[in-house]
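The values are calculated or read from the model by the stated rules, or taken from the named source; none is laboratory data. Just so we're clear, the structure is a prediction, and the values are computed from it rather than from any experiment. Please note: Cβ atoms are built from the backbone with ideal geometry, for glycine as well, and neighbour counts cover all protein chains shown. Quick note on the areas: whole protein, heavy atoms, side chains included, nothing else; ligands and nucleic acids left out. Shrake-Rupley method; radii C 1.70, N 1.55, O 1.52, S 1.80 Å.
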Amino acid sequence: MELRGRGTYILVMELEDNQTIRVGKLGDLRFKKGIYLYVGSAMGGFRSRVRRYLSGIRAQKWHIDYLLSRSKVRAVLLVPSDTRLESYVAERLAGLFEEVHPGFGASDTRDRTHLF
């Protein structure tokens, strides 16, 4: 898999059953069984970010790490760009899919959420 470049990505994950997951400062969050989309930024490069997600999370550093520890990654969609497009992509997904938890993955932006 060629992972050159940087930009925005969308993780497609599957949670196989209903769960309550403690997500850092967000606390205990209820997640329903199903497919989730998470929008993130990899301005430092896709290679290290995608490898981190596919090799298994050891240290829980970001909101998504808590969900990844209980779900399976089904796909990673890459949007190559030299500028941060995660807010743009999240806004477009919000028009198509249900927002899951306000603030999830969006603490460094003004976005409502990055999880759908």
Checklist entry - Is at least one residue of the stretch 33-50 farther than 17 Å from Gly105 by Cα, of a type in the set (Lys, Arg) and in contact (Cβ under 8 Å) with a residue 40 or more places away in the chain? => result yes
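Tell me which residues, restricted to the stretch 67-99, are under 22 Å from Gly27 (Cβ atoms) and open to solvent by less than 40 Å² (accessible area, probe 1.4 Å).
First, the residues of the stretch 67-99 that are under 22 Å from Gly27 (Cβ atoms): 67-71, 90, 98-99.
The answer is Leu67, Leu68, Ser71, Ala90.
Give Gly40, Gly44, Gly56 a once-over and let me know the one that is of a type outside the set (Asp, Glu), part of a loop (DSSP other than H, G, I, E, B) and open to solvent by less than 40 Å² (accessible area, probe 1.4 Å).
Numbers: Gly40 fails: part of a loop (DSSP other than H, G, I, E, B); Gly44 fails: open to solvent by less than 40 Å² (accessible area, probe 1.4 Å).
Just one listed residue meets the conditions, Gly56.
Could you count how many residues in the stretch 100-109 are small (Gly, Ala, Ser) and either open to solvent by 40 Å² or more (accessible area, probe 1.4 Å) or part of a helix (DSSP H, G or I) (or both)?
Start the filter on the stretch 100-109 by keeping residues that are small (Gly, Ala, Ser), which leaves 103, 105-107.
Those still in the list that are either open to solvent by 40 Å² or more (accessible area, probe 1.4 Å) or part of a helix (DSSP H, G or I) (or both) too: 107.
Summing the residues that are small (Gly, Ala, Ser) and either open to solvent by 40 Å² or more (accessible area, probe 1.4 Å) or part of a helix (DSSP H, G or I) (or both) in the stretch 100-109 gives 1.
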Next on the checklist: Take the residues in the stretch 80-103 that are at pLDDT 95 or above and in contact with a Leu (Cβ under 8 Å, 6 or more places away or on another chain); name whichever of them is nearest to Ala42 (Cα to Cα).
Outcome noted: Leu93
Next on the checklist: With the requirement that a residue be open to solvent by 90 Å² or more (accessible area, probe 1.4 Å), modelled with pLDDT of 95 or more and outside any strand (DSSP E or B), what does the stretch 15-34 give you?
Outcome noted: Glu16, Lys32, Lys33
Item to check | Condition broken by Ser107, with the remaining ones in (1) hydroxyl-bearing (Ser, Thr, Tyr); (2) more than 20 Å from Leu3 (Cα to Cα); (3) over 12 Å from the mean Cα position of the chain (by Cα); (4) at pLDDT 95 or above satisfied | outcome: (4)
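If we scan the stretch 2-10, do we find a residue that is free of Cβ contacts under 8 Å to residues at least 24 places away in the same chain, open to solvent by 20 Å² or more (accessible area, probe 1.4 Å), outside any strand (DSSP E or B) and of a type outside the set (Asp, Glu)? Before the answer, list the steps.
As a first pass, look at the stretch 2-10 and keep what is free of Cβ contacts under 8 Å to residues at least 24 places away in the same chain: 2.
Narrowing further to those that are open to solvent by 20 Å² or more (accessible area, probe 1.4 Å): 2.
In the following step, the residues that additionally are outside any strand (DSSP E or B) were identified as 2.
Next, only the ones that are of a type outside the set (Asp, Glu) stay: none.
No: the stretch 2-10 contains no residue that is free of Cβ contacts under 8 Å to residues at least 24 places away in the same chain, open to solvent by 20 Å² or more (accessible area, probe 1.4 Å), outside any strand (DSSP E or B) and of a type outside the set (Asp, Glu).
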